Each structure stands twice: as C-alpha cells, then as structure tokens.
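These notes are about the structure you will find just below.
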Amino acid sequence: MASMLAGISFPAVISFMFQNFLPPLIPQPLHEAWAGWILALFVMGLLAALGCTITEKLQGKTAYISNTEFFLFGWLLGSWIGTILLFFLVITNAFTPSVLGILCVVFCIISKKYILEFLSSWINQFRHPPSIGKKETGSTVFIFLLIVIFIFIFYLPLLIQTLLPNTDWDAAIYHLPKAESLLHGMWRNNDPLLAHMSNPGGPNLFYAVFMAFGLETAVIPYNFLINLCIILCIFTFTKRFWGLRAACWGAAILATTPLFLKLGVDPRTDNFLAFYILLMVYALFIWLEKPQRSISLLFVAVGFSLALGVKYTALFFGGIVTLITLFMMLYYWRNGSFLHPVRWFFICTFIVIIPNSVWYINNFLAFRNPVYPIHSGLCYSTPDGQLRKLKKDLEPHLKRALTIPSVKKHNEVLNSVSIDLPKHIFNFYDIIKYPHRYNRKSNILFQPILLLGFLVPIFFYRNKRVLTLYGIGVIYYVVISYFSSGVLRYALPSI
C-alpha cells in the first residue's frame, strides 16, 4: 500500500488539490511551488516528530527543557537519523520514491504520538485562542503591530522569493548537481578536477529527497524554514541563559542581517552549518548547568556529526566546541560531578563518526587528502594514475603566455579593475571610500547591523559566561574572515 502511494506523483496530487479546492487563491504556475512548501514542511515536521519520539525514549520529556527546546533537539536527532538512513539508500541504489514513501509511512507510525499532539494543539489554538486582559490589550496590540510591520518589511519579499525558481549560480553548479548525483547512487568522486563534488553532502541528501518526489522547488522553502528555526533557537537559547531582553536583541540582530536573509532564499548550505553549531553550543550550555544530565552530551555529538556533513569549516567551528567539552568533562570528572567520562567519550566519538566521516574517508583514499582540495590545491590525474598538482604544472606555461603582447595587455586591463571585496574586516578606509559596496551586497563582512554585536561586552561585562561565548565568536569571525577572502557566509556560525 505504501509503495503504491509513493509511486503517485506528489506534485500531481497537490496540483489536483489546488485545482479542485483553491482555484481562486493559487494560480496555476505556482502549484508546484506551493507543493514544494508542503513537502518541505512535511519533511521537517516528520524529522522533528521522529527525533522527539526517540529523545523521549532516551530520557523522557524532562522539565529542565522547554517544549521549544524539545522540538529543536528532536529535529536535530531526527535529522541525524534521517541522514544515516538516506545515505544507506544512496549506497544501496534504493533512493526511489517508493522506498522513500515506505520510510515516511514507517516514520509516521513510530512518531504518531507527537504528530497527533502537534495537530491537536493547532486545532485547539484556533478553537480557543488565548484571552487578553484589559491591562494587556494595549501592549499586546502594539507588539503585534510591530511583528506585522517587521514581517512585511523583511520577510514578505523573501516568502515571495521562495516561490520563484533558483537563480543562485553556486547552487546551480554544485549543490543541486550534488543532490542529483546522490539520487542516482553516485556519492564517491574520484575525479580530482571535480573538486567541488568532493565536499561533504549531508544537506544534499535531503535535497535529493525533494528531487526524488519531483519537487526541486522544496529546496528553497526548506532552507527558509531552517532560517526561521535558527531565529527561534537564538531566541530560546538567549532567553534561557540571559533573559527576555537579550533574547529579543540577539534575535533582532540576526533576523535583520542581510546575509542571513539571503541564505534563506537559495540552496546554499551555510545556514545548515550555523544551525548545527548553534545547537551544539546550546546542548553544551545545558550540560554545563548540571553535568549529571549526560544525555545533553549526545546532542553535542549529534550537532558536530551533522556539521561535518555540511562544510570543511565545521572542523574549525565544531573542533573548538569539542575541545571545550572535553576539558569540562575532565574538570567535572575530577570534582566528582560527572561519572563515566571514558564511556561517554567513546559513545560521542561513535556518534560524530557516523555517518558523515565517509566523505572525508573517501577523499583520503582517492586523493590522499581528507579535506581535498584544501591545503593540497587542485590536482589532476595522469594517464598512469598519478596525482599531480595542477597549479605547479601550469605555472611555466602561464609565465610564457604572459610574455605574449596581446595576453600581457589583457592581463594589465584585468589588474586595473578594482576588486569588489576588502582584504579583511578591518579595512575601514575601503568602507568609507566605497560605501555602496557594503550597502548593496549581502555577502560582505562589514554590515552595519552587526555593529550592535560589539555592544555586548558593554552590557554584559559582569557575566563571564557571556564574555566567554562572545570571545569564541569573535575568534571565529576574525579567523574565518582572514582565510575566506572577505566572504561573510563562511563566518555565519560565529554571528
């Protein structure tokens, strides 16, 4: 039965529903776009329900975390389990709509409790909306109007963009082709010239799910939902440890950062990395509150594992958090607050290794470099199977070519064109001289809204925990900005 349902075209079913039930509201060209939104919501909700079910089996729905935190960490665990299962389908060439449909039915059966709870809570909210007292009416209406204005200014144009086709060049040449190759069981890259296909492909597994159902349009809505979850996570994280005012401040800075808004409407995966690292730090802080809650360490490991499947920079971001975690494990073990550190170390190591270490292992076996092409540079394979560095072998030919008058003149023209990016974030002369670069482009390291972040030490100078986290973020930001040629999206986790 499940395989029969999975074989039916998902876009065709949604289009039939729109044509017969909502013809005045949904125009024909947008049927597939709205179907993508429905599929993205379904996949995210199903992963969260699965993760919440397993989390409750592990530790129960404890009182020390809120329902929002339970949802966020449930989604994190569900994504990790989903990544393992999807990768298994890739290597067994079973990544088909029928198999995915059966998997969805099984997930629904396992997670039926939380799915029914979620649906019933929404129905109750519509049937019995929360009452507002007379004293609270004015402030509530004011806050509601502010939220509406904020959504219309910042997020209504983005919602419209989620219904439009992808126009991002990076996604067109890498992320979507990577997902399509996974869909056809081709996860290994043995061609050194296709270096971009050697990068980890964790999020691309979920993109491949959308493609399997014929709905590539679900990719951008899924990214947009990730962005909303990041804002929610920042708010709940900050509120838990530093209060409501700090939570509103942090969420507002992030939600109005141009780069963050842009990443919600294209298939790039930088927001996935930021979300996983954020939840990793979140789980660490919860564990530091009470080291006896060892289950929180599992979510630290799960966050690092998923981050490794996004980008190589996860080794840097997650590595620092991991070192802090190991140091605190040793510290709490010595004072008797934390038991069985060796056991938890091996459990967490196993979680981190599974499943995204395969991308690094394959690169090591194919190119003798687990993070190819970083450090080694781009290589090529000779007819006898040897790997040689492309840049080293091309340099003599390039030097000879530059002596040719026509080529030399062309090169001088190219060098005379000013580069549209600063060399580092402290180049304030460039910012003052060319302000238009920083107002119009969202992928520049200097953005005015981020200046509010520099006020944190002034207001929280007595809070050691805030200053420690702030210091780590600044180190992230400066180091990544130095090595990434001024591209802010690589430093998103530090923001």
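The values are calculated or read from the model by the stated rules, or taken from the named source; none is laboratory data. All values derive from a computational prediction rather than experimental measurement. Glycine also receives a Cβ, built like all others from the backbone with ideal geometry; neighbour counts cover every protein chain displayed. Surface areas here come from the heavy atoms of the whole protein model, side chains and all, with no ligands, DNA or RNA. Shrake-Rupley method; radii C 1.70, N 1.55, O 1.52, S 1.80 Å.
Below, the figures for the structure above:
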{"item": "Residue, most open to solvent (accessible area, probe 1.4 Å), within the range 339-368, restricted to residues that are of a type in the set (F, W, Y) and more than 19 Å from L85 (Cβ to Cβ)", "result": "F346"}
{"item": "Matching residues in the range 81-90 - criterion: being farther than 15 Å from V302 by Cα and either of a type in the set (S, T, N, Q) or loosely packed, with under 13 Cβ neighbours inside 10 Å (or both)", "result": "F88"}
{"item": "Residue that is nearest to F206 (Cα to Cα), among those in the range 81-121 that are of a type in the set (V, I, T) and outside any helix (DSSP H, G or I)", "result": "T96"}
{"item": "Residue match in the range 265-272 (condition: within 20 Å of the chain's Cα centre (by Cα), more than 25 Å from C233 (Cβ to Cβ) and at pLDDT 90 or above)", "result": "no"}
{"item": "Filtered residues of the range 313-338 (kept if out of contact with any helix residue (DSSP H, G or I) (no Cβ under 9 Å at 6 or more places or on another chain) and either open to solvent by less than 30 Å² (accessible area, probe 1.4 Å) or not in a helix (DSSP H, G or I) (or both))", "result": "N335, G336"}
{"item": "Some residue of the range 269-283 being surrounded by 22 or more Cβ atoms within 10 Å (Cβ to Cβ) and part of a loop (DSSP other than H, G, I, E, B)", "result": "yes"}
{"item": "Test: residue in the range 208-226 that is open to solvent by 10 Å² or more (accessible area, probe 1.4 Å), acidic (D, E) and closer than 19 Å to P373 by Cα", "result": "no"}
{"item": "Qualifying residue in the range 169-189 (condition: among the polar types (S, T, N, Q), open to solvent by 20 Å² or more (accessible area, probe 1.4 Å) and in contact (Cβ under 8 Å) with a residue 60 or more places away in the chain)", "result": "no"}
{"item": "Tally, over the range 285-299, of residues that are open to solvent by 10 Å² or more (accessible area, probe 1.4 Å) and either among the aromatic types (F, W, Y) or modelled with pLDDT of 90 or more (or both)", "result": "3"}
{"item": "Condition check for P355: in contact (Cβ under 8 Å) with a residue 12 or more places away in the chain and touching a Gly at 6+ places or on another chain (Cβ under 9 Å)", "result": "yes"}
{"item": "Residue list for the range 239-258, restricted to those being open to solvent by less than 20 Å² (accessible area, probe 1.4 Å) and either among the β-branched types (V, I, T) or under 23 Å from S79 (Cβ atoms) (or both)", "result": "A251, L254, A255, T257"}
{"item": "Members of the range 203-234 found to be in contact (Cβ under 8 Å) with a residue 60 or more places away in the chain and more than 15 Å from V43 (Cα to Cα), listed by number", "result": "L232, C233"}
{"item": "Residue tally, condition out of contact with any Ser or Thr (no Cβ under 9 Å at 6 or more places or on another chain) and not in a helix (DSSP H, G or I), over the range 251-268", "result": "3"}
